[in-house]
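J.: Sharing a structure, written as structure tokens. Questions coming.
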Amino acid sequence: MNSETHLTSFLQNTDTKDWRAAVDELSPDVHEVDAAAVQIWLAFFPLDLARLFDETDDAATLARELLMQGDFRLQDQIDSSHTFLYGHRFWPEVKKAVVEYVESNSANPSQTLDRHIRTVTKKVAATTKQEESLLLGITIIAFMTLAQVGLEKLKNAPGTIALDAAQKRKSPEQILKERARNDNQGVFGFLRTADKQWTVVFDENDRTAKFKVIDSEELASGAARDQSRDWRASDQRRIEGPIPVECRSAACGTCWVGVLGGAEKLSEVSRREGTQIKQFGYINTDEAKPLIRLACMAQASGAVSIVIPPWNGVFGKYLQKRKETLEASA
């Protein structure tokens, strides 16, 4: 069957502005447990970056120019890129439903992107007997994955999930409660000052994936003390601990992280951090405490749950310059 359908053609013609409008429309209906996670995933796998590599004839040279490190191609991690979403447990059903929806070629070509996503969400909710709010986030991701990798790659992905039995049994409410919990500082904890310590969870699917930070310490500094395993064996970027880091001055962008829970317990973005995360291309916001942070700058005043991106690079200025060039030639 020809993989070109009304919907695939439609998605090929969508841009970041279209996706932003769709996500803005859908986000209020995403369950709280995945509200931040969806935004983080979209920052981890931006459409503009994917299109940039699709259009180039020399991906290796472009990757070097953008200082790309790690695994930044979504096509190589279709099933595993979203393990930090609660909705990941419904990935097989959502992936199957999206493929069937596309292959049926019955999608109304005049329908908006958010309506396509809602249509599939409703279908999966009916078959799985789950709340639509719990399925909406992972369905957004399935559609964005389709837009970036194409129908054949999405269809041929195994559709597996990576959760142990204990994690799979947790309810959304349990996960939210765990994210909100602070460390007990003892009977006289209210008297503690500099010796307060907070737990940073960096993989909610691994009970051992956590380290301690001292009160008001940067996340990267706390991570560097974690020598519990050979971090470099799992990721060459991890030279000190679980969070990749090359500098401690917001100059390299290597230590960016997404904040699943506890964003309010981190220090406000400094002027330098705010400028740098935009230039790297990770996030474009003026929020005081956004969901994307540089771990060498973000200081913790409570327990937080983060997720570590599988890559880092510097592409924000490149995309802006490219946009300005295209607009000037139009």
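J.: Name the single residue, out of those in region 291-329 being β-branched (Val, Ile, Thr) and closer than 16 Å to Ala43 by Cα, that is surrounded by the most Cβ atoms within 10 Å (Cβ to Cβ).
T.: Ile306
J.: Please determine whether any residue of region 117-126 is among the charged types (D, E, K, R) and touching an Asp or Glu at 6+ places or on another chain (Cβ under 6 Å).
T.: No, there is no match, as no residue in region 117-126 is among the charged types (D, E, K, R) and touching an Asp or Glu at 6+ places or on another chain (Cβ under 6 Å).
For every residue, the table says whether it meets (1) surrounded by 22 or more Cβ atoms within 10 Å (Cβ to Cβ); (2) hydrophobic (A, V, I, L, M, F, W, C).
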residue: Ala43; (1), (2): no, yes
residue: Met68; (1), (2): no, yes
residue: Arg73; (1), (2): no, no
residue: His82; (1), (2): yes, no
residue: Gly87; (1), (2): yes, no
residue: Val98; (1), (2): yes, yes
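J.: Can you tell me which condition Ala125 does not meet? The list is (1) buried (at least 18 other Cβ atoms within 10 Å of the Cβ); (2) within 22 Å of the chain's Cα centre (by Cα); (3) more than 30 Å from Phe72 (Cβ to Cβ), and all the others hold.
T.: (2)
J.: Does Phe211 satisfy the criteria of being touching a strand residue (DSSP E or B) at 6+ places or on another chain (Cβ under 7 Å), more than 22 Å from Gln39 (Cα to Cα) and of a type in the set (A, V, I, L, M, F, W, C)?
T.: yes
J.: Any idea which of Ala147, Ala142, Ala97, Ala107 is assigned to a helix (DSSP H, G or I) and more than 27 Å from Gly70 (Cβ to Cβ)?
T.: Ala97
J.: Is there a residue being hydroxyl-bearing (Ser, Thr, Tyr), farther than 21 Å from Gly258 by Cβ, modelled with pLDDT under 95 and in contact with an Asp or Glu (Cβ under 6 Å, 6 or more places away or on another chain) anywhere in region 6-24?
T.: Checking region 6-24: not a single residue is hydroxyl-bearing (Ser, Thr, Tyr), farther than 21 Å from Gly258 by Cβ, modelled with pLDDT under 95 and in contact with an Asp or Glu (Cβ under 6 Å, 6 or more places away or on another chain).
J.: If you go through region 240-261, how many residues are out of contact with any Ser or Thr (no Cβ under 6 Å at 6 or more places or on another chain), part of a loop (DSSP other than H, G, I, E, B) and of a type outside the set (D, E, K, R)?
T.: Result for region 240-261: 11.
J.: Additional query: Would you confirm whether or not region 307-328 contains a residue that is closer than 15 Å to Val200 by Cα, of a type outside the set (Phe, Trp, Tyr), in contact (Cβ under 8 Å) with a residue 40 or more places away in the chain and part of a strand (DSSP E or B)?
T.: Yes; the residues of region 307-328 include at least one that is closer than 15 Å to Val200 by Cα, of a type outside the set (Phe, Trp, Tyr), in contact (Cβ under 8 Å) with a residue 40 or more places away in the chain and part of a strand (DSSP E or B).
J.: Does Thr14 satisfy the condition of being of a type outside the set (A, V, I, L, M) and not in a helix (DSSP H, G or I)?
T.: It is true that Thr14 is of a type outside the set (A, V, I, L, M) and not in a helix (DSSP H, G or I).
This table checks each residue for (1) surrounded by fewer than 21 Cβ atoms within 10 Å (Cβ to Cβ); (2) under 16 Å from Ser305 (Cβ atoms); (3) at pLDDT 95 or above.
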site	(1), (2), (3)
Glu240	yes, no, no
Ser249	yes, no, no
Gly258	no, yes, yes
Leu266	no, yes, yes
Val269	no, no, yes
Arg272	yes, no, yes
Gln276	no, no, yes
Lys289	yes, yes, yes
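J.: Could you check how many residues of region 106-119 are surrounded by 14 or more Cβ atoms within 10 Å (Cβ to Cβ) and in contact (Cβ under 8 Å) with a residue 24 or more places away in the chain?
T.: The number of residues fulfilling the criteria is 7.
The values are calculated or read from the model by the stated rules, or taken from the named source; none is laboratory data. As the structure is a prediction and not an experimental result, all values here were calculated from the model. Note: ideal-geometry Cβ built from the backbone for every residue, glycine included; neighbour counts use all protein chains shown.
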